[in-house]
Amino acid sequence: MTGYDDPAAVLTRLLHAIDALHWSGVRDCLADQVETDYTELFGGEVQRGSGDELVSAWQGLLPGFDATQHLTGPVLTKPDGADLLLSAHVRGYHRVAGAEGGEVWGVHGHYQARLTQVDDDWRISGLVLRMFYQEGNTGLPELAAKRAASSPRTPRPEIA
């Protein structure tokens, strides 16, 4: 077992790895193919692609923030055929010190994740964000993407 045999912990592991910019840890939480739905936050279309492509997309944004912190409530699980469905409230805080228009962007909503079993471990094969509301500087993602392209922050020490 690699530590991904507890289905309720997979979403928490993913978010901890994202906040620490531990990209191999992020990738370890994902299935080979992942469907993501951030349309309520960013518009556009539901995305389908490889776990590697999703990590690459997040690498183009998240290192541009000075810090991020994703907090979840209890994670509930429900069987769905051979898969499991997870659901949890989420509050995502994103900070860029000294940013014009405010230093913090908060995203508050509900995550729904589909887990697929790969060998003896659970991996995220689908992730949907259902928005409740945003607060703060909603221009920070654009600024963070520019910053990530030019001088991203380095990973934080790993959290157990």
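Observations on the model:
- Springs between Cα atoms under 10 Å define the GNM used for the chain, and in it the highest mean-square fluctuation of V46, V34, V90 occurs at V46.
- Using only side-chain charges placed at the Cβ, +1 for Lys and Arg and -1 for Asp and Glu, the dipole size of the chain relative to its Cα centre rounds to 420 debye.
- Our Cα-only numbers for the chain put the radius of gyration and Dmax at 15.3, 48 Å.
- Candidates L21, L41, L140, ranked by Gaussian network fluctuation over the chain, Cα under 10 Å, top entry: L41
- Among residues other than A31 with Cβ under 13 Å from its Cβ, the summed charge is -4 (Lys and Arg +1, Asp and Glu -1).
- Per-residue surface analysis assigns S24 an accessible area of about 90 Å², computed on protein heavy atoms at 1.4 Å probe radius.
- Given their separation in residues at 0.36 nm each and the Cα-Cα distance between them, Q134 and E100 gain 10.5 nm when the chain is fully extended.
- Rounded accessible area of H16 (nearest 10 Å², 1.4 Å probe): 80 Å²
- The chain - percent of accessible surface contributed by carbon and sulfur, probe 1.4 Å: 50 percent
- Computed lengthening from D80 to H110, 0.36 nm per intervening residue step minus Cα-Cα distance: 8.9 nm
- Gaussian network model of the chain, Cα within-10 Å springs - most flexible of P141, P74, P63: P74
- Selection from W58, Q69, A99 lying farthest towards where the dipole of the chain points positive, charges on Cβ: A99
The values are calculated or read from the model by the stated rules, or taken from the named source; none is laboratory data. If you're wondering where the values come from, they're calculated on a predicted model, not measured in any experiment. Glycine gets a Cβ as well: all are built from the backbone with ideal geometry, and neighbour counts include every protein chain shown. We work out accessible area using only protein heavy atoms, side chains counted, and drop any ligands, DNA or RNA first. Shrake-Rupley method; radii C 1.70, N 1.55, O 1.52, S 1.80 Å.
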